[in-house]
Amino acid sequence: MAFTIAIDGPAAAGKGTISKAVAAHFGYAHLDTGLLYRAVGAKVIVGIPAVQAAKSLQASDLDDSTLRTPDVAQAASKVATIPEVRAALVDFQRAFARRAGGAVLDGRDIGTVICPAADAKLFVTATAEVRAQRRFAELQGNGLDTEYETVLADVKERDERDMNRADAPLKPARDAVLIDTSDLNIADAVQTAIAIISESQSVG
Ligand code: C5P
């Protein structure tokens, strides 16, 4: 039976980690939808027009180690404001969400636009400072030479663009359960998410 879990939230709130752990716990497939926008952003950086890039996206384009860099993240949030880019990515995401074995999708508009009828919806958030600190540690861990202040400015700029775009802005669905991970460690955040989802499975 298809069971769809939508996990949305701003950059570096912990939704990727939570989504992977939730998918592993329930044995569901996981799609990080940010990767789709990152793959389009990466193509724009090398000169391919955004809409063309979105329409011709291949699964192999997601398998690119440069997709996690801050430059690609910024390019992704820019192409994500273009309605034709978003429209080109809808069918793939919805088909993934309907997989027979269950699916977890994380992104910005999964609970609001892509899967408004998802069986469970979470909105994972944290303060911009905590998110920037986490992203800073992650980038440093990957050997990237950067500064906390730069990462914080980057996170705030992306939040601003993601929340204020006209098409599918970042916001919690009305029926999403909020998890603020500012004061939670990874294990507690994952446990909280699993408990909320298990609850919706038992009532659903
Ligand atoms: O989640 P991640 O940081 O990889 O997403 C990169 C960018 O892609 C976001 O800043 C956002 O602009 C865009 N995005 C989106 N809708 C999604 C997922 C990501 O607009 N469902």
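Tabulated values for the structure
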{"item": "Positive-end extreme of charge dipole, the chain - chosen from ALA50, VAL40, ALA88 (charges on Cβ)", "result": "ALA88"}
{"item": "Cut-off 20 Å, label 7 Å out along Cα→Cβ of GLU138, residues of the stretch 96-113 by amide N", "result": "104-111"}
{"item": "Average projected area [Cα convex hull, the chain], square nanometres", "result": "10.8 nm²"}
{"item": "Prolate/oblate/rounded call for the stretch 91-204, Cα gyration tensor, a/c under 1.5 rounded", "result": "prolate"}
{"item": "Solvent-accessible heavy-atom area per residue, rounded to whole Å², over the stretch 4-198 at 1.4 Å", "result": "47 Å²"}
{"item": "Farthest toward positive dipole pole in the stretch 75-154 [+1 Lys/Arg, -1 Asp/Glu at C-beta], among LEU152, ALA103, THR125", "result": "ALA103"}
{"item": "Interchain or long-range residues, amide H under 5 Å from VAL104's placed H", "result": "ILE5, ALA29, HIS30, LEU31"}
{"item": "Antiparallel DSSP beta bridges within the chain, as percent of all bridges there, nearest 5", "result": "0 percent"}
{"item": "Candidate aspartates and glutamates for bridging to LYS55, where Cα separation is under 12 Å - those fewer than 8 sequence places away on the same chain excluded", "result": "GLU84, ASP91"}
{"item": "Sulfur and carbon atoms: percent of accessible area, the stretch 33-140 [1.4 Å]", "result": "55 percent"}
{"item": "Within the chain, longest stretch free of exposed trypsin sites (Lys or Arg not before Pro) [DSSP loop, at most 14 other beta carbons within 10 Å]", "result": "1-97"}
{"item": "Most mobile listed residue (ALA189, ALA87, ALA168) in the chain, GNM with C-alpha springs under 10 Å", "result": "ALA87"}
{"item": "Distance between the stretch 126-204 and the stretch 14-84 - C-alpha centres, whole angstrom", "result": "16 Å"}
{"item": "FRET efficiency, 1/(1 + (r/R0)^6) with R0 35 Å, evaluated for ASP64 and ALA100 via beta carbons", "result": "0.80"}
{"item": "Per-residue HN-Hα couplings for the stretch 185-202 [Karplus 6.51, -1.76, 1.60; θ = phi - 60°; Hz; x = Gly/Pro]", "result": "7, 4, 4, 5, 4, 5, 4, 4, 5, 5, 5, 5, 5, 4, 4, 5, 6, 6"}
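The values are calculated or read from the model by the stated rules, or taken from the named source; none is laboratory data. The shown structure was predicted, so the numbers you read here are calculated from the model rather than taken from an experiment. Reconstructed Cβ throughout: ideal geometry from the backbone, glycine too, with neighbour counts over all protein chains shown. Just the protein is used for accessible areas: all its heavy atoms, side chains included, with ligands, DNA and RNA removed. Shrake-Rupley method; radii C 1.70, N 1.55, O 1.52, S 1.80 Å.
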